[in-house]
Amino acid sequence: MLDTLAEIPALSLADQQSDPEGFAQAFGQSFQRFGFAVVRDHGIPDALIERAWAMTKAFFDLPEDVKRSYFVEGGGGARGYTPFKTEIAKGATHVDLKEFWHIGRQIAAGHRFEDKMSPNIWPDQPEGFRETFLELFQAFDDAGDKLLSAVARYLGLAPDWFDHAVKDGNSVLRLLHYPPVDADAPEVRAGAHEDINLITLLLGAEEAGLELLDRGGTWLAVKPPQGAMVVNVGDMLQRLTNHVLPSTTHRVVNPPPERRGHSRYSMPFFLHPAPDFLIKALPSCVTAENPEREPPITAHDYLAERLAEIGLIKK
């Protein structure tokens, strides 16, 4: 059943400048209630976003064999191209109707995480792809730092608490193409799932289809204002906060029949901590009523565990 009454409030990241505590409370409350927040005035320039959409569409319009030449067999989809019907939501029976491209953090040769973070792959076309997406990656990273600072304040931590955790973080920018679907297509565009990382910052959710599983088992459509960003809690943040901030199940459903002839594009930025960051329940989130639920684990080991579950790497 679809819930039409509950609505995620749209917040302005610009308010953080003048009232950091007020913004942190509003953002944290949205996270605690929904596992999601909607953020306007996120600071990523419109012109950069427009350029990125144009590049994304141009790349996915390339011939199949050209795109597949950037597919890394056995690479777990960490970098470059992943073709249609590869990823499957945990516990799902149908593979997802999507193709995607991954861009990771650009690190120097000899970096301490060189063995854990694959080098980026860059296509020959469209021209300017590398420059555009390195710039966008940085812009997402900057917005993510501000949002994590709000999360830290909400949890009663120092505003810069997450800085050490996400410095050299294994974050990934995903360019996503959901192709047009047949009227009787059985699969949802992306099956019900939770995200693995700390938080996800998403552009492109205005095209109807994103839904979250709300309390009581109803699906709530996520409808951000034009240009706003949808931000959600990932499993790593849920584990870190001992489930105080919930990683909410969400999905992308096929559009109504009149929109099924259209492609849908989106750009999620999966913000990860550094591979050696230990995900251990924060003491302030452990109480007699909410004892520690899971043992500590490094971000790298947790990611490997989860990628095997969704079929991107083989155990």
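What the table shows:
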item: Options LEU198, LEU245, LEU220; residue that is more than 17 Å from the chain's Cα centre (by Cα), within 20 Å of ILE8 (Cβ to Cβ) and open to solvent by less than 10 Å² (accessible area, probe 1.4 Å); result: LEU220
item: Positions within the stretch 268-315 being under 25 Å from PHE36 (Cβ atoms), among the hydrophobic types (A, V, I, L, M, F, W, C) and at pLDDT below 95, in sequence order; result: LEU303, LEU307, ILE310, LEU312
item: Residues satisfying the stated conditions in the stretch 29-53, i.e. within 28 Å of GLY234 (Cα to Cα), in a helix (DSSP H, G or I) and open to solvent by 30 Å² or more (accessible area, probe 1.4 Å); result: GLN29, GLN32, ARG33, ASP46, GLU50, ARG51, TRP53
item: Residue within the stretch 283-296 that is aliphatic (A, V, I, L, M), over 20 Å from the mean Cα position of the chain (by Cα) and open to solvent by 30 Å² or more (accessible area, probe 1.4 Å) present; result: yes
item: Among (1) modelled with pLDDT under 95; (2) open to solvent by 30 Å² or more (accessible area, probe 1.4 Å); (3) over 28 Å from THR132 (Cα atoms), the one test that TYR265 misses; result: (3)
item: Total residues in the stretch 69-106, condition at pLDDT 90 or above and either open to solvent by less than 50 Å² (accessible area, probe 1.4 Å) or within 19 Å of TYR265 (Cα to Cα) (or both); result: 12
item: Residue match in the stretch 275-288 (condition: farther than 20 Å from ILE103 by Cα, without any contact (Cβ under 8 Å) to a residue 60 or more places away in the chain, of a type in the set (Ser, Thr, Tyr) and out of contact with any Phe, Trp or Tyr (no Cβ under 7 Å at 6 or more places or on another chain)); result: yes
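The values are calculated or read from the model by the stated rules, or taken from the named source; none is laboratory data. The structure displayed is predicted, hence computed values, not measured ones. Quick reminder, even Gly has a Cβ in these numbers, built from the backbone with ideal geometry, and neighbours come from all protein chains shown. The accessibility values were calculated without ligands, DNA or RNA, using every heavy atom of the protein model including side chains. Shrake-Rupley method; radii C 1.70, N 1.55, O 1.52, S 1.80 Å.
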